[in-house]
C-alpha cells in the first residue's frame with residue numbers, strides 16, 4: 001500500500017445505486033483523508049442515507065468501487081465492519097435496557113472482556129454526561145440523551161472511521177452543540193468522520209471538506225470557503241424610514257431588488273469599506289437618509305440553494 | 001478467536017439480552033401463559049361435566065385427563081407469539097442496523113432469540129403442566145413415557161419457535177407480528193385438543209384429523225394417558241421436523257434478504 005492509500009480513510013469511485021427504476025446514486029467519486037471530517041450535504045431524498053448505508057456495509061452498491069479503511073467494501077465487508085462505527089439517522093439503542101446495559105452489550109459484542117467492558121462503559125457514561133441516567137431504561141431518555149448514548153455505543157470498540165447520518169436532526173440547539181463538541185473531540189483523537197447533514201451551519205462548523213449531493217450526483221465539493229466563493233451571494237441591505245426614501249434610493253442606485261413591506265433595498269456588493277463609503281456617499285449626495293445597514297457575505301445557504309434543485313429548496317429551508 | 005467460538009460467544013451475549021428483556025418485561029410471557037391456563041379453567045371447571053360425557057375411551061367422564069395434553073400443547077403454541085413480536089420489534093428498530101454494521105456473527109441475533117424463547121416457552125409449559133396436575137390431571141405414564149413426552153415437547157417448541165421467528169420477520173410491524181401467530185394458537189381447537197375429531201362435522205373432521213397438531217396431541221395423550229400409537233408418533237416427529245426445517249430456511253432467507261429499515 002502506498003503512502004497516499006494509507007492516508008486515505010474512504011475512497012469511492014463511480015459508485016452507483018438504483019432502487020428499481022429510480023437511480024439514487026449516479027456515479028459518485030470522493031476521497032476522505034484520514035483524521036478529517038467530511039460532510040455530505042443535501043436535501044431530503046438526495047441519497048445521503050443511501051451513501052452511508054452502502055459505505056457502512058448495510059446495502060451493496062450496484063456499481064463502482066469503494067475502499068473503507070483500506071478494505072474493499074464488496075470483497076471484505078467484515079474487514080470494513082471491524083474498523084467502522086455507525087450512528088444512523090434513527091436511534092439504534094435497545095429501549096428495554098438501561099443505558100449502562102446498552103454499552104455493556106456493545107462491549108460484549110466487541111469481546112472486550114468483562115472487566116474492560118465495564119470500565120469502557122463507565123468511562124463513556126461519564127464522558128457523555130449519562131452517569132445519572134445510567135441505570136434507567138432508555139425508553140425514559142430524552143431525544144438528546146438517546147443520541148448521546150447512540151454515539152457512545154458507536155465509540156465503544158474504538159472505531160477509526162465513524163459514520164454519522166444526520167446526527168443532530170430533531171435535536172434542540174443545546175443538544176446539537178453538545179453533539180458538535182463530541183465530534184470535535186473525536187477529531188482531536190484522530191478519528192475520521194463521515195457526516196451527513198441537511199443543516200448548512202453544521203457542515204460549516206464541523207467539516208474540513210463538504211460535498212453537495214443533489215439528485216444522486218455530487219454537484220460541488222470543497223472547503224466551506226471554496227464553496228462560498230462559487231456563488232456571488234454578497235450584498236448590502238439598506239433599510240429606510242419610509243417609502244419615499246426607498247423610492248429615492250432605488251432611483252439613485254438603479255437597484256430593482258426591493259422589499260416594499262420591509263422598506264428594504266438589496267444592493268449587490270462585497271461589503272468592503274471602500275465600496276460601502278462610496279454607496280453611502282451617493283445616497284448622501286441625493287439627500288436620502290438610510291435607517292439601517294447590514295452586510296451579508298455569502299453563506300452556505302446561498303451555495304446550497306444555488307446548487308440544488310429548485311423544487312427541493314422549500315423542504316430544505318423549512319426544515 | 002475462531003469463527004465458531006465467535007458465533008457461540010455472540011449468541012450467548014444475545015441470549016443474555018433476550019432473557020433480560022423477558023425478566024424486565026414479563027407481561028408478554030405471562031400473557032402467553034394466560035391463554036392455556038384460562039382455557040384449562042374454563043373447559044374443565046365450567047364445561048367439564050358436559051364435555052367429559054362426550055369423550056370416549058379411557059378418559060370418559062374424566063374430562064381433565066382428556067383435555068390436559070391438548071392444553072399442554074397450547075402452552076407450547078402460545079410461545080410463538082412472544083417470539084414473533086420480539087423478533088419483529090428488533091427488526092423494525094434501528095438496533096438491527098447497528099448489529100449488522102458490527103463485526104459480529106450474523107446468525108447470533110436469531111440464535112439468541114430462538115434459545116431465549118425456547119427457555120421461556122418450556123418454563124411456561126412446565127407451569128401449565130403443574131397447574132393441570134394440581135387440578136386433578138392423573139397420568140398412567142412411567143418415567144420413560146414422561147421423558148418421551150418431554151422430548152416431543154422440546155422438539156415442538158423448537159419448531160414453533162422458528163415459526164415465530166419466521167412470522168416476526170414476515171410482519172411489517174409488531175402489531176402484525178402479534179396477529180399472525182394467533183392462527184398457530186387457535187389451530188389446536190380445530191384438532192383433537194378439546195373434543196375428539198370424530199364428533200365434528202365431516203369437512204371440519206377431515207381437517208382436524210390431518211392437521212399437524214392432532215397427531216402430536218394424540219402422541220402426548222398416548223404417552224401420558226394410555227398406550228402410545230406408533231403411527232401418530234412418527235407423524236408428530238415428521239411434522240415437527242418439517243415445520244422446523246421450513247421455518248428455519250424461510251427465516252434465514254428473510255433475514256438475509258430483508259432490506260433493513
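Every read-out reported here was derived from the displayed coordinates using simple, explicitly stated rules and does not represent laboratory data. Values in this document were obtained by computation on a predicted structure and should not be read as measured data. Every residue, glycine among them, receives a Cβ derived from its backbone with ideal geometry; neighbour counts consider all protein chains shown.
Odds and ends about this structure:
- Crossing angle, helix A:114-127 versus chain A [Cα axis fit, 0-90 degrees, rounded to tens]: 20
- Of all beta bridges that DSSP places with both ends in chain A, some 65 percent have antiparallel geometry.
- Evaluating kT/(6 pi eta Rh) at 20 °C and 1.002 mPa s, with the Kirkwood radius of segment B:160-261 over Cα pairs in the Stokes-Einstein relation, gives 141 µm² s⁻¹.
- Antiparallel bridge percentage (DSSP; both residues within the protein assembly as shown; nearest 5): 65
- Neighbouring partner chain Cβ atoms per residue of B:82-95, average, 10 Å criterion: 2
- For segment B:3-258, alpha-carbon Rg over 2.2 N^0.38 Å: 1.05
- Using alpha-carbon coordinates, inclination of helix B:143-170 to the longest axis of chain B, degrees: 50
- Sites residue A:208 and residue B:123 - FRET efficiency at Förster radius 45 Å, r taken between beta-carbons, to 0.05: 0.20
- P(r) weight above 39 Å for chain A, C-alpha pairs, percent: 28
- Highest mean packing first, where packing is the average number of other Cβ atoms within 10 Å per residue, the peptides B:189-202, A:178-191 line up as B:189-202, A:178-191.
- Relative contact order [Cα under 8 Å, 6+ residues apart], chain A, whole percent: 20
- Cβ-Cβ FRET estimate between residue A:289 and residue A:22, R0 fixed at 56 Å, reported to 0.05: 0.50
- Per-residue shielding of A:49-61, expressed as the average number of other chain Cβ atoms within 10 Å of the residue Cβ, stands at 2.
- Sites residue A:135 and residue B:23, calculated FRET efficiency, Cβ-Cβ separation with R0 25 Å, nearest 0.05: 0.95
- Sorting B:25-37, B:110-122 by average packing, meaning the other beta carbons within 10 Å per residue, from highest down gives B:110-122, B:25-37.
- Cα Rg, Dmax, the protein assembly as shown, angstrom units: 32.9, 117
- On Cα atoms only, tilt of A:273-285 relative to the major axis of chain A in degrees: 30
- Averaged over A:81-92, number of beta-carbon atoms from partner chains that fall within 10 Å: 4
- The relative contact order of chain B comes to 26 percent, based on Cα pairs under 8 Å that sit 6 or more residues apart.
- Relative contact order, whole percent, for segment A:127-240 stands at 18, derived from Cα pairs under 8 Å and 6 or more residues apart.
- The sum of -39500 (n - 2.57) across all DSSP H runs of n ≥ 4, divided by the residue count of the protein assembly as shown, sets its helix-only mean residue ellipticity at 222 nm to -17500 deg cm²/dmol.
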